[in-house]
Amino acid sequence: MEIHKIVIPTPYEIGDVNAFLVKGDTLSLFDAGTKTKDAYEALKQGINDAGYNLNDIEQVVLTHHHPDHAGWVDAFPKANILGHEYIDHFLRKNKDFLEYRSEFYRFHLKRNAVPEKFIEKYLENREEMSYFGTIPLTQLLKDQDEVPGHPGLKAYYTPGHAESHLIFHDTKSNSVIGGDLLLEHVASNPLIEPPVNLTLERSKALLEYRNSLVLLKDLQVNKVYAGHGNEITNVSELITTRLERDRVRAEQVYDILDKPKSVIEVTQQLYSSIYRTQLGLTISKTIGYLDILESEGLVKCEVIEGLNIYSRS
Ligand SMILES: [Zn+2]
Ligand SMILES: [Zn+2]
């Protein structure tokens, strides 16, 4: 696989994001940075450095819908835009979808005993959609699809970090364009997001994420081109580390459940004060650890007076 890495700044704590230019029968860009001016300049420069112009890009393929990856689809109005169908909601930003999305978060935050003032603040921040691109997908990709113009490059659906997440496995080089499934220096966050079927029922993001990691491990690839940071070659070892780390955290959550507790109570104990500024992230992680324990029959969840209450079973 002829691949050229482009490092793009983001306004987020994670730092730079990577895009990958791949020359096959078609010239494709995998991921497109955040929609900021700095990112546009870096993307343009990176494409030039590889010997091309923005106009030469024939298709943009997205690993997932997060704004650090799906922003600058807007720089390629003539290109085909490909990705999982869920991404389209964030590019189109229909009023119905945005309302549903707020309702989804409000429902789950309430259920998990998050105080009203935090909920409203969280929803306001969620409304920040300007870093997302606005050009809808022209072609949907799903699990097992081959990327057009790239024989042997196959998509795998890998939800958990994002409901829309795909990785792309090149069978010839046995490498993967991995989005945010596996990163070298940080654990990917199992964010709770509205589910693909747009109901109020949440998916079990961390359990899905762990399955996706196992899928990647089973591919036994030589290299992962990660969405942030360096390429990864010790793939299997790093996946084992990530899986074990979450298992340890789940055990800490089990210890915290010395009596029945709501999710926010567990979150406060697990993360002390950072849950105030990192509400979505910390609560998603806590729920993830509880999901692990529940899937192993160690804890149970009951709805008591409208709140999810977890206890040891
Ligand atoms: Zn992401
Ligand atoms: Zn990312």
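Pop the C-beta distance of Lys37 and Ser311 into the FRET formula with R0 = 35 Å and round what comes out to the nearest 0.05. Intermediate results must be reported in sequence, preceding the final value.
Working: r = 51 Å, r/R0 = 1.45.
Between Lys37 and Ser311 the formula returns 0.10.
Report the charge-dipole magnitude of the chain in Debye, nearest 20, computed about the Cα centre from +1 at each Lys and Arg Cβ and -1 at each Asp and Glu Cβ. Show your work: numbers first, answer last.
On the way: 34 positive and 46 negative charges, 96 e Å.
Magnitude of the dipole: close to 460 debye.
Of the beta bridges DSSP finds with both residues in the chain, what % are antiparallel, to the nearest 5?
Close to 70 percent.
How long are the three semi-axes of the equivalent ellipsoid of region 1-81, in whole Å, if each is the root of 5 times an eigenvalue of the C-alpha gyration tensor, listed from largest down?
On the way: eigenvalues 68, 32, 27 Å².
They are 18, 13, 12 Å, listed from largest to smallest.
To the nearest 0.05, how large is the calculated FRET efficiency for Tyr12 and Lys172 if R₀ is 35 Å and r is the Cβ-Cβ distance?
Details: r = 33 Å, r/R0 = 0.95.
The calculated FRET efficiency here is 0.55.
Rg(Cα) of region 215-300 divided by 2.2 N^0.38 Å?
Working: Rg = 15.7 Å, N = 86, 2.2 N^0.38 = 12.0 Å.
Relative to the 2.2 N^0.38 Å estimate, region 215-300 comes out at 1.32.
Under a plain spin-label model, where a point goes 7 Å from the Cα along Cα-to-Cβ, how far apart in nm are Val214 and Ser236?
Inter-label distance under the simple model: 1.7 nm.
Within 10 Å, Cβ to Cβ, of Val17, how many net charges do the neighbouring residues add up to if Lys/Arg are +1 and Asp/Glu are -1?
Values: positive: none; negative: Asp16, Asp31, Asp68, Asp180.
Neighbourhood net charge equals -4.
Equivalent ellipsoid semi-axes for the chain, as square roots of 5 times the alpha carbon gyration tensor eigenvalues: give them largest first, rounded to whole Å. Before the final figure, lay out the partial values.
Numbers: eigenvalues 240, 96, 53 Å².
Whole-Å semi-axes of the equivalent ellipsoid: 35, 22, 16.
Report the label-to-label distance for Val196 and Asn125 in nanometres (one decimal), using points 7 Å from each Cα along the Cα→Cβ vector.
For Val196 paired with Asn125, the spin-label model returns 2.8 nm.
Within the chain, which is the longest segment containing none of the chymotrypsin sites (Phe, Trp or Tyr not before Pro) that sit in a DSSP loop and have at most 16 other Cβ atoms within 10 Å? Provide the component values of the computation, followed by the final result.
Numbers: sites that count: Tyr12, Tyr52.
Formally, the longest exposed-site-free interval is 53-313.
How many percent of Cα pairs in region 1-46 exceed 13 Å? Present the calculation step by step, with values, prior to reporting the outcome.
Details: 529 of 1035 pairs.
Result: 51 percent of Cα pairs exceed 13 Å.
Apply the Karplus parameterisation 6.51 cos²θ - 1.76 cosθ + 1.60, with θ equal to phi minus 60°, to every residue of region 5-12 and state each ³J(HN,Hα) to the nearest whole Hz, in sequence, with x for glycine and proline.
Running phi through 6.51 cos²θ - 1.76 cosθ + 1.60 with θ = phi - 60° gives 8, 10, 9, 10, x, 10, x, 9 Hz.
Mind listing the long-range amide H neighbours of Val60? Cut-off is under 5 Å, sequence gap 5 or more, other chains count too, H placed in the peptide plane at 1.01 Å from N.
Amide H neighbours of Val60, under 5 Å, 5+ apart: Leu29, Asn80, Ile81, Leu82.
Is it possible to state the helix-based mean residue ellipticity at 222 nm for the chain, with each DSSP H run of 4+ residues giving -39500 (n - 2.57), the sum divided by total residues, to the nearest 500 deg cm²/dmol? What is it?
Working: 10 runs with 118 residues, N = 313.
For the chain, the value works out to -11500 deg cm²/dmol.
In whole Hz, what ³J(HN,Hα) sequence does region 190-204 give by Karplus (6.51, -1.76, 1.60; θ = phi - 60°), x for Gly and Pro?
So the J values, rounded to whole Hz, are x, 6, 7, 10, x, x, 4, 7, 6, 9, 8, 6, 7, 8, 8.
None of the figures in this text is laboratory data; all of them are computed from the coordinates on show. Values in this document were obtained by computation on a predicted structure and should not be read as measured data. Backbone-built Cβ (ideal geometry, glycine too); neighbour counts: all protein chains shown.
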